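Inspection log for the structure reproduced underneath, given as structure tokens.
The values are calculated or read from the model by the stated rules, or taken from the named source; none is laboratory data. It should be emphasised that the depicted structure is a prediction, and the values quoted were computed from it without experimental measurement. Every residue, glycine as well, gets a Cβ built from its backbone with ideal geometry; the counts of neighbours run over all protein chains shown.
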Amino acid sequence: MSLIPTILQPYLTYLKLGVAAAALTGAGYAGWKVESLRWDASLVAQAKAADKAKAVALTHERTATAITQTSRDEGDTQQAKTRTVYQTITKEVPYYVPSVLPPTPVGQPWSVPLGALRLHDYAATGTTPPIPAPTSEPVGAPTGIELPALIGTVSDNYGVCRGYRIEAETWRDWYAHEFAAWGAVK
């Protein structure tokens with residue numbers, strides 16, 4: 001006894017071909033689905049890697065922003081403190097530096113007054129002078145330091161200051177060029 005009814009005997013070849021076609025279609029679909037799942041897994045992995053990279057970049061950006069803000073705040077604080085110190089020094093010039101200097105004997109070099117020397121030292125160290133000035137020595141007392149020595153020191157100080165200014169300007173130019181180059185990259 002045959003499992004296939006006799007009515008289907010003439011169509012048996014077609015039936016076998018249909019079953020084979022269905023099996024091949026199912027296998028093809030299964031293979032496509034597996035490949036699709038692999039592709040989806042690859043996309044998921046890429047998305048996870050991109051998310052991780054974004055998180056790292058965001059962390060770096062936040063850190064850089066915090067460092068920049070801290071540096072800016074510290075710089076602003078130092079600038080304010082420096083302005084206050086030098087405004088105080090400038091305000092105290094009339095007190096520390098006498099407007100009329102004692103005469104020097106003929107042939108003797110002029111000596112920088114003590115008040116002027118002290119005020120110069122306060123300016124050089126960036127410290128606020130004591131107000132009022134100490135009265136242990138009069139501000140007009142001679143120091144023995146001649147005017148050429150004072151001017152030479154001031155000139156040297158300006159040279160050092162100018163060098164630091166050039167260095168700071170160079171760093172600013174470098175930053176501007178870097179920002180122009182890398183700021184355009186998005």
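Here are a few things to note about the model shown:
- Scanning the stretch 105-157 for residues that are more than 21 Å from residue 84 (Cα to Cα), at pLDDT below 85 and in contact with a Gly (Cβ under 7 Å, 6 or more places away or on another chain) returns 111, 139, 140.
- Meets criteria (at pLDDT 85 or above and either loosely packed, with under 11 Cβ neighbours inside 10 Å or part of a helix (DSSP H, G or I) (or both)) for residue 62: yes
- Top-ranked residue of the stretch 59-89 - restricted to ones that are of a type in the set (Ser, Thr, Tyr) and under 17 Å from the mean Cα position of the chain (by Cα), ranked as nearest to residue 128 (Cα to Cα): 77
- Only one of 77, 84, 70 that is in contact (Cβ under 8 Å) with a residue 40 or more places away in the chain, of a type in the set (Val, Ile, Thr) and within 30 Å of residue 123 (Cα to Cα): 84
- Of all residues making up the stretch 108-161, the number that are of a type in the set (A, V, I, L, M) and either assigned to a strand (DSSP E or B) or at positive phi (or both): 2
- Only a single item in (1) free of Cβ contacts under 8 Å to residues at least 40 places away in the same chain; (2) at positive phi; (3) within 43 Å of the chain's Cα centre (by Cα) is not met by residue 94, and it is number (2).
- Residue check, residue 86 more than 22 Å from residue 161 (Cα to Cα) and at pLDDT below 85: no
- Yes/no for residue 143 being touching a strand residue (DSSP E or B) at 6+ places or on another chain (Cβ under 8 Å) and surrounded by 10 or more Cβ atoms within 10 Å (Cβ to Cβ): yes
- Set side by side, the residues 103, 94, 98 differ, and just one is surrounded by 14 or more Cβ atoms within 10 Å (Cβ to Cβ) and under 28 Å from residue 137 (Cβ atoms), which is 98.
- Any hit, the stretch 110-126, residues being touching a strand residue (DSSP E or B) at 6+ places or on another chain (Cβ under 8 Å), farther than 24 Å from residue 175 by Cβ and of a type in the set (Phe, Trp, Tyr): yes
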